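Below is one structure, written out as C-alpha cells; the observations come after it.
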Amino acid sequence: MSAGAYGFRIEGLDGAGSLLVPAPGAWPPLAIETVVAPDSEGPPLDRLGPERAELRLSGGGWVGIDRAPARARYHLPRALDVGALVHPYLAPVALIAARWLGRESFHAGAFVAGGGVWAILGDKEAGKSTTLAWLAAHGHGVVCDDALVLDGPTALAGPRSIDLRADSARRLGVGEPLGTVGVRERWRVPLEPVAPELPLRGWVSLEWGDEVAVEPIRGAAKRPALLPHRGVFVEPPRPARLVEYAALPHWRLRRPHGWDSVQEGVERLLGALR
C-alpha cells in the first residue's frame, strides 16, 4: 500500500514511509520535488490562485504548488532530511492542495478518544504540541500535530511525528534533538501508527489561566471559536460545512503555564470527553 498524509498519497519522498500513514487507494497523489537553490529569492509575498500557489517558508526558501497535476516543488537554501520535509514543510502544501479539492482545514492538532477525533485549537505557544505529546506518551493515538485536514466529517491523518520544545521532550523522556530551529532547541517525537481516516467528534480550545478548568463552549460562541484557526483564509466551497463543524461538541481547557498543570488538565479533559 502507498504511504501518505493529510489525505494524499505522497510521491517522491524516498525513505519517508515510516513517517507517513497507509494511504487508501481513493487518496489522490501529490508529487514532491526538492531543489537546493541558495540564491533563489522566491516570491516577495505568498500567492494563492485557482491553479497555482507560491509560499515563502519560515526556515528560508519557498515552495511552488500546482493544482493539476498535484505537485509541490521546494526551492531550499540547503538540503533537508526527509523528516523535516514531511513535518513541518509538508503541512502548508497539504492545506492548499486540500482547499483545491474542496476540503476544509484547520491549524490544529488532533487526537483519538472514544473512537473518534478531537481537534486541539489554540494560538501560537498555547501548548498544543505539549498536550499531544503527553497524550501520545500515555497511549492515546495522535492524528496530527499542527495541521488538520477534513473531508466532510472525516479527519485525515497527518505525519507520524511531533516537533516539541526541548524541555517538554526531556520531561517526557521522548524524542531526538533536531538542533536549534528559529530561536529554540527543538526535538522530534515519533508517533505510533493511527488509522488514516477517522470521524471528527469535536473540538478542544486551549487557553492559559490561573487554574485548571474544563468547560463546554456553547451556542453562538462556538463558530467564532473555530474561524481564527482555519487553514486557508478564503471562502470555503461549502460555507454550511463550517456550521456543521460548529455544531459538534466544543470544550475549553484552561491551565496555568508550566509543566505541572499538564497532567491534571489533560486528565480532566479526558474525563469530560467520556
>> Whether any residue in the range 16-32 is outside any loop (DSSP other than H, G, I, E, B) and among the aromatic types (F, W, Y) is what I want to check.
In response: no
>> Can you tell me which residue is surrounded by the fewest Cβ atoms within 10 Å (Cβ to Cβ) among those in the range 35-74 that are touching a Leu at 6+ places or on another chain (Cβ under 6 Å) and aliphatic (A, V, I, L, M)?
In response: V36
>> Test of understanding: among S129, S161, which residue is over 22 Å from W251 (Cβ atoms) and modelled with pLDDT of 90 or more?
In response: S161
>> For a quick check of your reading of the model, give me the residue pairs whose first member lies in the range 249-264 and is in the same structural domain as K128 (by TED's automatic domain parsing), whose second is assigned to a strand (DSSP E or B) and among the β-branched types (V, I, T), with beta-carbon atoms closer than 8 Å and at least 6 apart or on different chains.
In response: H250/V204; W251/V204; W251/V214; R252/V204; R252/V214; L253/V204; L253/V214; R254/V214
>> For the range 63-72, check the following and say yes or no: at least one residue is at pLDDT 95 or above and within 17 Å of the chain's Cα centre (by Cα).
In response: no
>> Tell me yes or no: at least one residue of the range 123-137 is under 19 Å from A247 (Cα atoms), surrounded by 24 or more Cβ atoms within 10 Å (Cβ to Cβ), touching a Gly at 6+ places or on another chain (Cβ under 8 Å) and not hydroxyl-bearing (S, T, Y).
In response: no
> Can you pull out the residues in the range 112-122 that are closer than 19 Å to E264 by Cβ and surrounded by fewer than 23 Cβ atoms within 10 Å (Cβ to Cβ)?
Replying inline: A113, G122
>> Every residue in the range 253-268 that is surrounded by fewer than 19 Cβ atoms within 10 Å (Cβ to Cβ) and within 12 Å of W208 (Cβ to Cβ), please.
In response: R254, P256, H257, G258, S261
> Within the range 139-162, can one find any residue that is free of Cβ contacts under 8 Å to residues at least 12 places away in the same chain and surrounded by fewer than 24 Cβ atoms within 10 Å (Cβ to Cβ)?
Replying inline: yes
> For A94, are the conditions met, namely being in the same structural domain as L248 (by TED's automatic domain parsing) and of a type in the set (G, A, S)?
Replying inline: no
> Residues of the range 51-78 being in a loop (DSSP other than H, G, I, E, B), touching a residue at least 24 places away in the same chain (Cβ under 8 Å) and not basic (K, R), which ones?
Replying inline: L57, S58, G59, G61, P69, A70, P77
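The values are calculated or read from the model by the stated rules, or taken from the named source; none is laboratory data. Treat the numbers as computed from the prediction; the structure is a model and nothing was measured. Neighbour counts run over all protein chains shown; Cβ positions are idealised from the backbone, glycine included.
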